[in-house]
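The values are calculated or read from the model by the stated rules, or taken from the named source; none is laboratory data. The structure presented is a predicted model; accordingly, all values stated were derived computationally and were not measured. We place every Cβ from the backbone using ideal geometry, glycine too, and count neighbours over all the protein chains shown. Ligands, DNA and RNA are excluded from the accessible area calculation, which covers all protein heavy atoms including side chains. Shrake-Rupley method; radii C 1.70, N 1.55, O 1.52, S 1.80 Å.
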Amino acid sequence: MDRRRFITQFGKLLPVAGAALYLLSDKRNLIRADVEPFAESERFYEPAETEILFLASLAPSGHNTQPWFVQYLEPFHWIIGNDRSRWLPAVDPNQRETILSIGAFLQNIEYAAGHFGYACDWKLLAARNSDEKVVEVSLKKSAYAADFAIETIRSRRTVRSNFANEAIRRDDLDYIFASEPEFFRYLPPDSDASRFINEQTIEANRLQAYREPAQQELRDWIRFSNREARKHRDGLTTGSMEIDGFAGWFVRNLYTHDNVLSEDFRERGLNKVSEQVSAHGGWILATSNDESVAGLLEAGRRMQRLFLRVRERSIAIHPMTQILEEPATCAILNQAVGITESVQFILRAGYVNDYPPPVSMRRPVGWFLRT
């Protein structure tokens, strides 16, 4: 074949190859609604148990690691455990965030159990954050079902974009803080404390982005392709990172884990953080009485209660905890914002016009159940 003919034929094949590549690619973000929550084979337990445990698993966690397991002792009698294979040693070396996440998991159990007519009897087992067995729980049949809208657990999500710059109104703060205002501090967007959190969030993210173990840990929990997301049902997907449209297609199909360690990826992430902290309705700091296992579990439960109330007021909250994860920024936080209590969560808050459906993956119950 002569050179001119080869070029002509190759030019004809390019659109065909491109179309084939596109048809075989991930054309949209995989979201939670695209996957079955559990397999029929997992329903050999009491039906309500499967539902309660899946609802519990909708709790948030850092990098969406889902750091819990459930040891099945007998029907409605379980041990909630701390799965060390899902720890984040680079950003959470003392498992503080792990215990907070397990606290949120426990709160979901209590709400879901009440919905099905059960009351929870709790027994603390862990003395340290690193202990494997955290809490023993027995569910006892109650005379009535709790009046809780269980759909709020299913619809909860972390929203990262399109926050209004309007300060959160006092009546809305009173509603979302409910009977626990002493554990929350609201920083209006035009306050010095809020501006300090803006600046330090950018700085903490920069420190973390260029701290190699932290960036490698992030790399290990990103699920770029839909195939990877479906396989693992955890971690950060393009959907949960809110990378949509052509950018989402490009990342899902052409990025690899090695890209996370590139200069370009780090700087793009930092630019996104700068955009985020420039648009919000203030910060919410959630505190605890102490740093004990019991104190952290209760702080995690309290944060989940907040998370399940905000949507009713069209408020989104976006946990941005990097200040607490970097020693240099954490050391100056309390004095700068005038808080003496232990800060456990730093939440970017803001009104949103459109509350999108949940997108982050969750493992089926059978994947975190131990018998």
Candidate set: the range 200-227, residues that are part of a helix (DSSP H, G or I) and free of Cβ contacts under 8 Å to residues at least 60 places away in the same chain; chosen: the one surrounded by the fewest Cβ atoms within 10 Å (Cβ to Cβ): Glu212
Arg301 outside any helix (DSSP H, G or I) and basic (Lys, Arg): no
Tyr186, sole failed condition from (1) under 19 Å from the mean Cα position of the chain (by Cα); (2) open to solvent by 20 Å² or more (accessible area, probe 1.4 Å): (1)
Count of the range 255-276 residues which are in contact with a strand residue (DSSP E or B) (Cβ under 7 Å, 6 or more places away or on another chain), under 18 Å from Met320 (Cβ atoms) and not polar (S, T, N, Q): 0
Residue identified as within 18 Å of Tyr175 (Cα to Cα) and buried (at least 16 other Cβ atoms within 10 Å of the Cβ) among Ile323, Ile284: Ile284
Condition met for Gln66 (open to solvent by less than 50 Å² (accessible area, probe 1.4 Å), modelled with pLDDT of 95 or more, polar (S, T, N, Q) and assigned to a loop (DSSP other than H, G, I, E, B)): yes
The range 309-320: number of residues that are in contact (Cβ under 8 Å) with a residue 60 or more places away in the chain and either open to solvent by 30 Å² or more (accessible area, probe 1.4 Å) or polar (S, T, N, Q) (or both): 5
Residue count, the range 114-157 (criterion: open to solvent by 40 Å² or more (accessible area, probe 1.4 Å), out of contact with any helix residue (DSSP H, G or I) (no Cβ under 8 Å at 6 or more places or on another chain) and assigned to a loop (DSSP other than H, G, I, E, B)): 5
Single condition Phe163 does not satisfy, out of (1) assigned to a loop (DSSP other than H, G, I, E, B); (2) in contact (Cβ under 8 Å) with a residue 40 or more places away in the chain; (3) of a type in the set (Phe, Trp, Tyr); (4) farther than 30 Å from Glu263 by Cβ: (4)
Selection count, the range 228-254, where residues are part of a loop (DSSP other than H, G, I, E, B) and touching a helix residue (DSSP H, G or I) at 6+ places or on another chain (Cβ under 6 Å): 4
